[in-house]
Amino acid sequence: MEQILQTTYLWLKAGHIIFVIFWMAGLFMLPRYFVYHQEAEPGSAEEARWIDREAKLRKIILTPSLILVWVFGLALAYAGSWWVAPWLHAKLLFVVALSGYHGWLVSYGKKLAKGERPLTGKKLRLLNEVPGLAAAIIVVLVVVKPF
Ligand code: HEM
(Lines give C-alpha, C1' and ligand atoms only; values in the text may rest on other atoms or scores of the structure.)
Protein backbone atom coordinates (compact mmCIF):
# COMPACT_ATOMS: atom_id res chain seq x y z
CA MET A 1 0.00 0.00 0.00
CA GLU A 2 2.82 2.35 1.02
CA GLN A 3 4.52 1.54 -2.30
CA ILE A 4 1.35 2.38 -4.33
CA LEU A 5 0.93 5.71 -2.51
CA GLN A 6 4.58 6.58 -3.10
CA THR A 7 4.35 5.76 -6.83
CA THR A 8 1.08 7.74 -7.19
CA TYR A 9 2.72 10.71 -5.45
CA LEU A 10 5.61 10.70 -7.92
CA TRP A 11 3.21 10.54 -10.92
CA LEU A 12 1.22 13.45 -9.48
CA LYS A 13 4.46 15.40 -9.06
CA ALA A 14 5.53 14.61 -12.64
CA GLY A 15 2.11 15.82 -13.92
CA HIS A 16 2.40 18.94 -11.76
CA ILE A 17 5.85 19.86 -13.11
CA ILE A 18 4.88 19.14 -16.75
CA PHE A 19 1.93 21.56 -16.57
CA VAL A 20 3.98 24.13 -14.60
CA ILE A 21 6.35 24.17 -17.62
CA PHE A 22 3.45 24.64 -20.10
CA TRP A 23 1.83 27.32 -17.94
CA MET A 24 5.06 29.28 -17.56
CA ALA A 25 5.78 29.01 -21.30
CA GLY A 26 2.34 30.50 -22.03
CA LEU A 27 2.81 33.25 -19.43
CA PHE A 28 6.10 34.21 -21.10
CA MET A 29 4.66 34.11 -24.62
CA LEU A 30 1.40 36.04 -24.23
CA PRO A 31 2.90 39.46 -23.25
CA ARG A 32 5.41 39.00 -26.13
CA TYR A 33 2.46 38.54 -28.49
CA PHE A 34 0.90 41.69 -26.99
CA VAL A 35 4.05 43.72 -27.82
CA TYR A 36 3.70 42.75 -31.52
CA HIS A 37 -0.11 42.94 -31.44
CA GLN A 38 -0.20 46.53 -30.27
CA GLU A 39 2.18 47.61 -33.01
CA ALA A 40 -0.51 46.50 -35.52
CA GLU A 41 -3.12 49.00 -36.74
CA PRO A 42 -6.46 48.49 -34.87
CA GLY A 43 -8.94 46.70 -37.14
CA SER A 44 -6.22 45.57 -39.62
CA ALA A 45 -5.75 42.02 -40.97
CA GLU A 46 -2.43 41.90 -39.07
CA GLU A 47 -4.26 42.64 -35.81
CA ALA A 48 -6.88 39.93 -36.56
CA ARG A 49 -4.03 37.39 -36.87
CA TRP A 50 -2.63 38.38 -33.45
CA ILE A 51 -6.10 38.13 -31.85
CA ASP A 52 -6.40 34.62 -33.29
CA ARG A 53 -2.91 33.58 -32.09
CA GLU A 54 -3.62 34.92 -28.59
CA ALA A 55 -6.97 33.10 -28.40
CA LYS A 56 -5.28 29.81 -29.43
CA LEU A 57 -2.49 30.25 -26.88
CA ARG A 58 -5.10 30.94 -24.18
CA LYS A 59 -7.42 28.07 -25.08
CA ILE A 60 -4.84 25.38 -25.91
CA ILE A 61 -2.01 26.15 -23.46
CA LEU A 62 -2.74 28.75 -20.78
CA THR A 63 -6.21 27.88 -19.43
CA PRO A 64 -5.80 24.06 -19.37
CA SER A 65 -2.32 24.36 -17.80
CA LEU A 66 -3.51 26.77 -15.09
CA ILE A 67 -6.28 24.33 -14.13
CA LEU A 68 -4.04 21.25 -14.20
CA VAL A 69 -1.21 22.90 -12.20
CA TRP A 70 -3.78 23.71 -9.49
CA VAL A 71 -5.40 20.23 -9.60
CA PHE A 72 -2.05 18.37 -9.40
CA GLY A 73 -0.65 20.84 -6.84
CA LEU A 74 -3.67 20.50 -4.53
CA ALA A 75 -3.63 16.69 -4.98
CA LEU A 76 0.07 16.68 -3.93
CA ALA A 77 -0.67 18.86 -0.90
CA TYR A 78 -3.45 16.45 0.10
CA ALA A 79 -1.49 13.26 -0.61
CA GLY A 80 1.61 14.52 1.21
CA SER A 81 -0.36 16.14 4.10
CA TRP A 82 1.51 19.40 3.44
CA TRP A 83 -1.37 21.69 4.54
CA VAL A 84 0.36 22.85 7.74
CA ALA A 85 3.75 23.48 6.11
CA PRO A 86 4.63 27.23 6.20
CA TRP A 87 6.56 26.98 2.87
CA LEU A 88 3.31 25.83 1.20
CA HIS A 89 1.42 28.85 2.56
CA ALA A 90 4.12 31.18 1.23
CA LYS A 91 4.16 29.31 -2.09
CA LEU A 92 0.36 29.59 -2.38
CA LEU A 93 0.61 33.35 -1.92
CA PHE A 94 2.91 33.62 -4.93
CA VAL A 95 0.88 31.12 -6.97
CA VAL A 96 -2.33 33.08 -6.28
CA ALA A 97 -0.48 36.26 -7.40
CA LEU A 98 0.71 34.46 -10.55
CA SER A 99 -2.87 33.29 -11.25
CA GLY A 100 -3.96 36.94 -10.82
CA TYR A 101 -1.29 37.98 -13.34
CA HIS A 102 -2.71 35.36 -15.73
CA GLY A 103 -6.20 36.88 -15.28
CA TRP A 104 -4.82 40.38 -15.87
CA LEU A 105 -3.17 39.21 -19.13
CA VAL A 106 -6.50 37.83 -20.35
CA SER A 107 -8.26 41.13 -19.59
CA TYR A 108 -5.42 43.10 -21.28
CA GLY A 109 -5.86 40.94 -24.41
CA LYS A 110 -9.57 41.84 -24.48
CA LYS A 111 -8.72 45.57 -24.30
CA LEU A 112 -6.24 45.19 -27.19
CA ALA A 113 -8.90 43.43 -29.27
CA LYS A 114 -11.19 46.45 -28.71
CA GLY A 115 -8.50 48.73 -30.16
CA GLU A 116 -7.23 50.06 -26.81
CA ARG A 117 -3.46 50.28 -26.14
CA PRO A 118 -3.23 50.94 -22.37
CA LEU A 119 0.51 50.21 -21.90
CA THR A 120 3.65 50.98 -23.88
CA GLY A 121 5.71 48.14 -25.38
CA LYS A 122 8.48 48.97 -22.88
CA LYS A 123 6.13 48.53 -19.90
CA LEU A 124 4.85 45.24 -21.36
CA ARG A 125 8.44 43.98 -21.72
CA LEU A 126 9.11 44.93 -18.09
CA LEU A 127 5.96 43.09 -16.95
CA ASN A 128 7.31 40.06 -18.76
CA GLU A 129 9.78 39.69 -15.86
CA VAL A 130 6.94 38.99 -13.38
CA PRO A 131 6.41 35.26 -14.11
CA GLY A 132 10.17 34.55 -14.14
CA LEU A 133 10.66 36.21 -10.77
CA ALA A 134 7.60 34.52 -9.24
CA ALA A 135 8.67 31.11 -10.62
CA ALA A 136 12.17 31.48 -9.12
CA ILE A 137 10.72 32.27 -5.66
CA ILE A 138 8.14 29.47 -5.90
CA VAL A 139 10.75 26.86 -6.92
CA VAL A 140 13.07 27.89 -4.04
CA LEU A 141 10.15 27.66 -1.59
CA VAL A 142 9.11 24.17 -2.71
CA VAL A 143 12.59 22.66 -3.25
CA VAL A 144 14.59 24.26 -0.39
CA LYS A 145 11.58 24.53 1.94
CA PRO A 146 13.34 27.26 3.97
CA PHE A 147 10.64 27.27 6.69
C1 HEM B 1 -1.27 25.98 -8.09
C2 HEM B 1 -0.99 25.73 -6.85
C3 HEM B 1 0.15 24.84 -6.43
C4 HEM B 1 0.12 23.97 -5.37
C5 HEM B 1 -1.06 23.73 -4.43
C6 HEM B 1 1.40 23.31 -5.32
C7 HEM B 1 1.77 22.35 -4.39
C8 HEM B 1 2.87 21.54 -4.50
C9 HEM B 1 3.19 20.43 -3.61
C10 HEM B 1 2.38 20.03 -2.39
C11 HEM B 1 4.34 19.87 -4.06
C12 HEM B 1 5.05 18.64 -3.47
C13 HEM B 1 6.25 19.05 -2.63
C14 HEM B 1 7.14 17.88 -2.29
O15 HEM B 1 6.84 16.73 -2.60
O16 HEM B 1 8.21 18.14 -1.68
C17 HEM B 1 4.76 20.61 -5.25
C18 HEM B 1 5.89 20.34 -6.00
C19 HEM B 1 6.44 21.21 -6.88
N20 HEM B 1 5.89 22.40 -7.33
FE21 HEM B 1 4.03 23.09 -6.87
N22 HEM B 1 2.20 23.80 -6.34
C23 HEM B 1 1.49 24.75 -7.03
C24 HEM B 1 1.98 25.51 -8.10
C25 HEM B 1 3.29 25.50 -8.54
C26 HEM B 1 3.89 26.47 -9.44
C27 HEM B 1 3.18 27.66 -10.07
C28 HEM B 1 5.20 26.12 -9.61
C29 HEM B 1 6.32 26.77 -10.40
C30 HEM B 1 6.25 27.94 -10.97
C31 HEM B 1 5.43 24.91 -8.85
C32 HEM B 1 6.61 24.21 -8.82
C33 HEM B 1 6.79 23.00 -8.18
C34 HEM B 1 7.98 22.17 -8.29
C35 HEM B 1 9.22 22.48 -9.13
C36 HEM B 1 7.77 21.04 -7.48
C37 HEM B 1 8.72 19.85 -7.26
C38 HEM B 1 9.54 20.07 -5.98
C39 HEM B 1 10.37 18.87 -5.56
O40 HEM B 1 10.03 17.72 -5.86
O41 HEM B 1 11.38 19.07 -4.87
N42 HEM B 1 4.25 24.58 -8.20
N43 HEM B 1 3.86 21.63 -5.48
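If you go through the stretch 93-112 and keep only what is over 13 Å from the mean Cα position of the chain (by Cα) and crowded, with 16+ Cβ neighbours inside 10 Å, you end up with Tyr108, Gly109, Leu112. Of all residues in the stretch 129-143, those being more than 9 Å from the ligand (Cβ to nearest atom) and open to solvent by 80 Å² or more (accessible area, probe 1.4 Å) number 2.
When the stretch 56-84 is filtered for residues that are outside any helix (DSSP H, G or I), among the small types (Gly, Ala, Ser) and within 8 Å of the ligand (Cβ to nearest atom), only Gly80 remains.
Of (1) surrounded by 14 or more Cβ atoms within 10 Å (Cβ to Cβ); (2) over 20 Å from Phe19 (Cβ atoms); (3) touching a residue at least 40 places away in the same chain (Cβ under 8 Å), Ala75 satisfies all except one. Which? It fails just one condition, (2).
From the list Leu126, Leu105, Leu88, the lone residue that is closer than 20 Å to Ile21 by Cα and more than 9 Å from the ligand (Cβ to nearest atom) is Leu105.
Close contacts from the stretch 88-104, counting a first residue that is over 16 Å from Val139 (Cβ atoms) and a second that is more than 10 Å from the ligand (Cβ to nearest atom), with Cβ to Cβ under 6 Å and a gap of 6+ residues or different chains, come to Tyr101/Val130.
For beta carbons closer than 6 Å, sequence separation of 6+ or different chains, a first residue in the stretch 117-134 that is part of a helix (DSSP H, G or I) and a second that is surrounded by 12 or more Cβ atoms within 10 Å (Cβ to Cβ) and of a type in the set (Val, Ile, Thr), the qualifying pairs are Gly121/Val35; Leu124/Val35.
Within the stretch 1-31, being touching a residue at least 12 places away in the same chain (Cβ under 8 Å) and more than 14 Å from the chain's Cα centre (by Cα) holds for Leu5, Thr8, Tyr9, Leu12, Lys13, Gly15. Can we say Ser99 is of a type in the set (S, T, N, Q), within 30 Å of Gln38 (Cβ to Cβ), within 16 Å of the ligand (Cβ to nearest atom) and touching a Gly at 6+ places or on another chain (Cβ under 8 Å)? Here the answer is no, as Ser99 does not meet what is asked.
The values are calculated or read from the model by the stated rules, or taken from the named source; none is laboratory data. It should be emphasised that the depicted structure is a prediction, and the values quoted were computed from it without experimental measurement. Every residue, glycine among them, receives a Cβ derived from its backbone with ideal geometry; neighbour counts consider all protein chains shown. To get the accessible areas, we keep the full protein, side chains included, count just its heavy atoms, and leave off ligands, DNA and RNA. Shrake-Rupley method; radii C 1.70, N 1.55, O 1.52, S 1.80 Å.
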